[in-house]
Structure formats: structure tokens, C-alpha cells
Amino acid sequence: MRIHIDNTLVGILRRVLNNPSASELKSWDQHWETEKRKIESNKVHYGGTTPKPSSIAKVDGMERDYQISDSRLALNAFHSLDMIVGFHP
């Protein structure tokens, strides 16, 4: 997934994963929507790599979105990770 990894993301992930209260989940939803809009509006292509014309990728013979749109699916994805690596920090 494409997202800006910064102190805000790390802080909100820590809060919501340690205390998944309704208010923390709402904060996560709002943060995810804001970040998703930033990523979708970014038309800059780094390293000469251009995105594929479709937002769909084939993974193991199945079609999947490149970007997770739903905030709760994104949260579940982060929750299942052992490590987050950012490129171009």
C-alpha cells in the first residue's frame, strides 16, 4: 500500500492498536481518508517508475487493488505486520 509514513501515522497507529475505542477508530478513519486523498492526488512519479494504467494488479492469479481504500482494511493490514519499511524517508 502507498501511504506517507511519518510521526503522525506511527502515533495514531500506536493509539488505535493499544486502545481500539470508538474515538480512536474514528481518528484513524479520518486520518486514513486524508492520507488516501493525498496519495491519490500525487501525480509525481519517482525513480522513473510510472504507475500502471489500471489500479488493479494480478497477485497469485487474482485481481487486487494496488491501494487499500477502506480504512478498517488498512488498519487490519497494519495490525498484521511485524515491520513497516519506508522508502525515501
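The values are calculated or read from the model by the stated rules, or taken from the named source; none is laboratory data. Everything quoted here is computed from the prediction, not taken from an experiment. All Cβ positions, glycine included, derive from the backbone under ideal geometry; neighbour counts span all protein chains shown. The accessibility values were calculated without ligands, DNA or RNA, using every heavy atom of the protein model including side chains. Shrake-Rupley method; radii C 1.70, N 1.55, O 1.52, S 1.80 Å.
Picking from residues in the stretch 7-21 that are open to solvent by 80 Å² or more (accessible area, probe 1.4 Å) and either touching a residue at least 24 places away in the same chain (Cβ under 8 Å) or in a helix (DSSP H, G or I) (or both), the one that is nearest to M83 (Cα to Cα) is R14. Determine if the stretch 37-50 includes at least one residue that is modelled with pLDDT of 75 or more and touching a helix residue (DSSP H, G or I) at 6+ places or on another chain (Cβ under 8 Å). No: zero hits.
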